[in-house]
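The block underneath contains the structure these notes are about, expressed in structure tokens.
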Amino acid sequence: MSLDPAQFEEPINQLRRQIEEATAAEKDPAQLVALQAELTKVADEIFGNLTPWQKTLVARHPQRPYTLDFISYLFEEWTEIHGDRKFSDDPAIVAGFARFRGAPCAIIGHQKGRNTKEKIYRNFGQPRPEGFRKALRVMKLAEKFNLPIFTFIDTQGAYPGLGAEERGQAEAIAVNLREMAMLSVPVIVIVIGEGGSGGALALGVGDRVFMLEHAVYSVISPEGCAAILWKNPSAAAEAAAAMRITAIDLKRLNIIDDIVPEPNGGAHADPARAAELLAPYLEKALKELQKLKPAALPEERYKKFRKMGVFEKG
Amino acid sequence: MAWFRKEKKPKEAVEKVAIPEGLWVKCDDCKEIVYRKEVEQNFNVCPKCNYHFRLTARERFEILFDDGKYKEFAGDIRSGDPLEFRDTKRYRDRLKVYELRVGKGDAVLCAEGKLDGISVVVCAMEYAFMGGSMGSVVGEKITIAAERALEKKEPLLIVSTSGGARMQEGILSLMQMAKISAALARLAEARLPYVSILTDPTTGGVTASYAMLGDLNIAEPKALIGFAGPRVIEQTIRQTLPEGFQRAEFLVEHGMVDLITPRSEMKPALARFLRMFTGKKREAAS
């Protein structure tokens, strides 16, 4: 079980190197076009046939666009605010206000770091209670000023640490679930990378829930599930398949509203294009939701989540 | 969602069910051999060390409802194995084993009746059923119970004991957290009391949803209550956890649980609060 996406991306990377070399050597343009076409074909083939575990690795890809990347591509006047006004700030969640297509909105999202220093600063995108409480504070502000809310989900899960437990990790998540259910403004959720457990859901109770094509969303990480049920963390690939964590699975289970296509070779191959592909989903959802009366939003949201679950009678 | 005790603990509970023939029982905590009848008369609490034995959902109902009389509802909901999940065993087969051993109610039973003369809806979780794990069935039953409380304008009590969300139902289990919390939000909006009773153990997605959302969160003594399991935390921080970490007393100290109430005093305490919250007189009407 490999942890490196390079394992299945190698043919793509090889072609990219060839194209670079050919460009540098100023080779025949026809040859370049042929190489480009080959690259598109190979990338489509590889990314069209990813296993659930491979998707997990793509969702965690070190070059994958994070919340702040999507914000920079899609929103204007982004201004971050900090802190839960109770204990501290949590850089694993960013929250603030911006404009989407000119109209003001609130944005909240998990944030991972790119290099070691940033990763530590962002706590690997694993929030502590303060992060969830900050998120809720911004949601309530958005509600007060009648602004729609966009949330970006990208976390392995809430941080399992001593201080986090002491300060009520469970309570912070639980309160978000309850309060998000009652918000009288539109809430649009996008799972951009990893949707890990309660730490993801704490930003995930929305009127529309979208998932990027290669994102994953699950009750526990594949490694965690493998450790518990298989008693063997290296059974993660099996666990990833068994838990049905891909966007296609979640669409089939009626958990998400739509799958947002990613560019050829995955969002990390072209982050700007990934954002471009997401934009129309946000525009459409916002337009639809803004037609509803404020009181209808929690009502509709309740109906949406009320239906989730599969069981038999008798 | 840490309910990795699942494999061991259900067996214990099952053994416990098998013991009633015996006159003596060994306390899980102090390991003393105590007279079974004495334990039973003491609300299933060890007379030597005050250890609270795990109760089945129905034992819980017996304690809470007046004269042990109650009516169960939503008992006809079964798991459908939506993911066709299989680890080392098929989920479907595991379910069958638990249904035979524990009963067909999955990991929660719902009932209504009187508590000190007050009409209430009570959900009691069943730890012996797959570690009390929450899947679609638990989510649906508790939501039905919350909706019933709302409709009848009655208080809701949920007695939790669970390792967390049920992995075998994947994302559907996770969504039950949102579903139940949304139902509780409506209850809160209608100003109906919801009391969460946390018993040993309450962890993972159950703690991170309804168990922490009570107007009152009342715990039994020494109950393990947390989000992440102690083993996961130890692996993350690479330190041994302090004594008493994630026990009910620890949660009171850190402001997450309102009070600890021994089992013998649970019902009177609940009655007291519910009377005050619903503007009823001090004495039971009946």
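Derivation of every value follows stated rules applied to the coordinates shown; laboratory data play no part. Keep in mind that what you see is a predicted model, and the values were worked out from it rather than measured. In this analysis, Cβ positions are derived from the backbone assuming ideal geometry, glycine residues included, and neighbour counts consider all displayed protein chains.
When only DSSP loop residues count, what GluC sites (Glu not before Pro) in the stretch B:208-286 have their Cβ near at most 11 other Cβ atoms within 10 Å?
In loop regions of the stretch B:208-286 (DSSP not H, G, I, E or B), the sparsely surrounded GluC sites (Glu not before Pro) are B:E243, B:E283.
Find, among the trypsin sites (Lys or Arg not before Pro) in the stretch A:260-305, those assigned to loop by DSSP (not H, G, I, E, B) with at most 10 other beta-carbon atoms within 10 angstrom. Spell out each step's value before the answer.
Details: sites: A:R273, A:K284, A:K287, A:K291, A:R301, A:K303, A:K304; in loops: A:K291.
Those that pass, being in a loop and sparsely packed, are A:K291.
Under 19 Å Cα-Cα from B:K31, which lysines qualify once same-chain neighbours fewer than 8 residues away are excluded?
Within the straight-line limit of under 19 Å, B:K31 reaches these lysines: B:K8, B:K9, B:K11, B:K16, B:K48, B:K222.
Relative contact order, percent, of chain B when contacts are C-alpha pairs under 8 Å separated by at least 6 residues?
After rounding, I find 16 percent.
So how do A:109-118, A:257-266 stack up, highest first, on mean other-Cβ count within 10 Å?
Output ranking for A:109-118, A:257-266: A:257-266, A:109-118.
With n ≥ 4 as the cut-off for DSSP H runs, can you work out [θ] at 222 nm for the protein assembly as shown, using -39500 (n - 2.57) per run divided by the number of residues, rounded to the nearest 500?
-12500 deg cm²/dmol
Tell me whether the stretch B:172-286 comes out rounded, prolate or oblate; compute the Cα gyration tensor, take square roots of the eigenvalues as a ≥ b ≥ c, and use a/c under 1.5 as the rounded threshold.
oblate
Greater than 18 Å separation of Cα atoms is the criterion. Which listed pairs, A:K313/B:K96; A:K55/A:K304; A:K251/A:K291; B:K71/B:K152; A:K231/B:K26, meet it? Present the calculation step by step, with values, prior to reporting the outcome.
Working: A:K313/B:K96 15 Å; A:K55/A:K304 27 Å; A:K251/A:K291 25 Å; B:K71/B:K152 15 Å; A:K231/B:K26 29 Å.
Violating the 18 Å Cα-Cα cut-off are A:K55/A:K304; A:K251/A:K291; A:K231/B:K26.
Could you run the Karplus curve 6.51 cos²θ - 1.76 cosθ + 1.60 with θ = phi - 60° over the stretch B:199-213 and give me ³J(HN,Hα) per residue in whole Hz, x for Gly and Pro?
Computed from phi, the couplings for the stretch B:199-213 are 10, 6, x, 10, 9, x, x, 6, 5, 7, 9, 5, 5, 9, 9 Hz.
Residue by residue, what Karplus-based ³J(HN,Hα) values in Hz, rounded to whole numbers, does the stretch A:158-163 have, using 6.51, -1.76 and 1.60 with θ = phi - 60° and x for Gly and Pro?
So the J values, rounded to whole Hz, are 5, 5, x, x, 5, x.
Taking θ = phi - 60°, what integer Hz values does the Karplus form 6.51 cos²θ - 1.76 cosθ + 1.60 yield along the stretch B:174-180, in sequence order, with x for Gly and Pro?
Going residue by residue, I get 4, 5, 5, 4, 5, 4, 5 Hz, with x marking Gly and Pro.
Just tell me which lysines come within less than 24 Å, Cα to Cα, of A:K117; anything on the same chain fewer than 8 places away is out.
Counting by Cα, and skipping residues close in sequence, A:K117 has these lysines nearby: A:K134.
Please identify the cysteines of chain B that lack any partner cysteine with a Cβ under 4.7 Å from their own Cβ.
Isolated Cys, chain B: B:C110, B:C123.
Once amide H atoms are placed 1.01 Å from N in the peptide plane, what residues at a sequence separation of 5 or more from A:F75, or on another chain, have their amide H within under 5 Å of its amide H?
When sequence neighbours closer than 5 places are left aside, there are no close amide H contacts.
Mind ordering B:106-116, A:3-13, A:81-91 by average Cβ neighbours within 10 Å, highest first?
Peptide ranking by packing, descending: B:106-116, A:81-91, A:3-13.
Counting only other chains, and only Cβ atoms inside 10 Å, what mean value do you get across the residues of A:249-262?
2
Percent antiparallel among DSSP beta bridges with both residues in the protein assembly as shown, to the nearest 5?
Roughly 45 percent of the DSSP beta bridges within the protein assembly as shown come out antiparallel.
Expressed as a fraction of 2.2 N^0.38 Å, the rule-of-thumb size for a compact globular protein of N residues, what is the C-alpha radius of gyration of chain A? Don't jump to the answer; show the numbers that get you there.
On the way: Rg = 20.2 Å, N = 314, 2.2 N^0.38 = 19.6 Å.
Against the compact-globule rule of thumb, the ratio is 1.03.
Please work out the Cα center distance from the stretch A:97-141 to the stretch B:155-231, rounded to the nearest Å.
So the two Cα centres are separated by 26 Å.
Using a 10 Å cut-off around each Cβ of peptide B:223-230, what is the average number of partner chain Cβ atoms that fall inside?
Working: counts 0, 0, 2, 5, 17, 11, 2, 2.
The shielding value for this peptide is 5.
What are the extents of the Cα atoms of the stretch A:38-187 along their three principal axes, listed from largest to smallest and rounded to whole Å?
In descending order, the Cα extents are 53, 42, 29 Å.
So what's the projected area for the stretch A:155-250, the Cα convex hull averaged over all directions, in nm²?
Hull-based average projected area comes out at 6.8 nm².
Spin-label point model (7 Å from Cα, Cβ direction): what's the A:Q36 to B:V97 distance in nm?
So the two model labels end up 5.9 nm from each other.
For the stretch A:221-267 and the stretch B:240-286, what is the centre-to-centre distance using only Cα atoms, to the nearest Å?
40 Å
Tell me which trypsin sites (Lys or Arg not before Pro) from the stretch A:1-43 have a DSSP coil assignment and no more than 16 other beta carbons within 10 Å of their own.
Listed in order of number, the matching sites are A:K27.
Going by a ≥ b ≥ c, the root eigenvalues of the Cα gyration tensor, does the stretch A:221-314 fall in the rounded group (a/c under 1.5), the prolate group (a/b larger than b/c) or the oblate group?
Oblate.
Quote the relative contact order of chain A in percent (integer), defining contacts as alpha-carbon pairs under 8 Å separated by 6+ residues.
Across chain A, relative contact order equals 16 percent.
How high is the FRET efficiency from A:R101 to B:E72, r the C-beta distance, R0 45 Å, rounded to 0.05?
So, using R0 = 45 Å, E works out to roughly 0.25.
Which of B:T161, B:T143, B:T236 ends up with the largest GNM mean-square fluctuation for chain B, with Cα atoms connected below 10 Å?
Looking only at B:T161, B:T143, B:T236, the largest GNM fluctuation is found for B:T236.
Treating cross-link reach as a plain straight distance, find the aspartates and glutamates whose alpha-carbon is under 15 Å from the alpha-carbon of B:K89, omitting any fewer than eight places away in the same chain.
Excluding near neighbours in sequence, the set is A:E238, B:E7, B:D81, B:E169.
How big is D for the protein assembly as shown, in µm² s⁻¹ as a whole number, if Stokes-Einstein is applied with the Kirkwood radius of its Cα pairs at 20 °C and 1.002 mPa s? Before the final figure, lay out the partial values.
Details: Rh = 25.0 Å.
Reported coefficient: 86 µm²/s.
Rounded if a/c is under 1.5, else prolate if a/b is larger than b/c, else oblate: which is the stretch B:52-278, with a ≥ b ≥ c the root eigenvalues of its Cα gyration tensor?
Details: a/c = 1.61, a/b = 1.13, b/c = 1.42.
The shape class here is oblate.
Could you give the radius of gyration (one decimal) and Dmax (whole number) of the Cα atoms in the stretch B:33-89, in Å?
Values for the stretch B:33-89 (Cα only, Rg and Dmax): 17.6, 46 Å.
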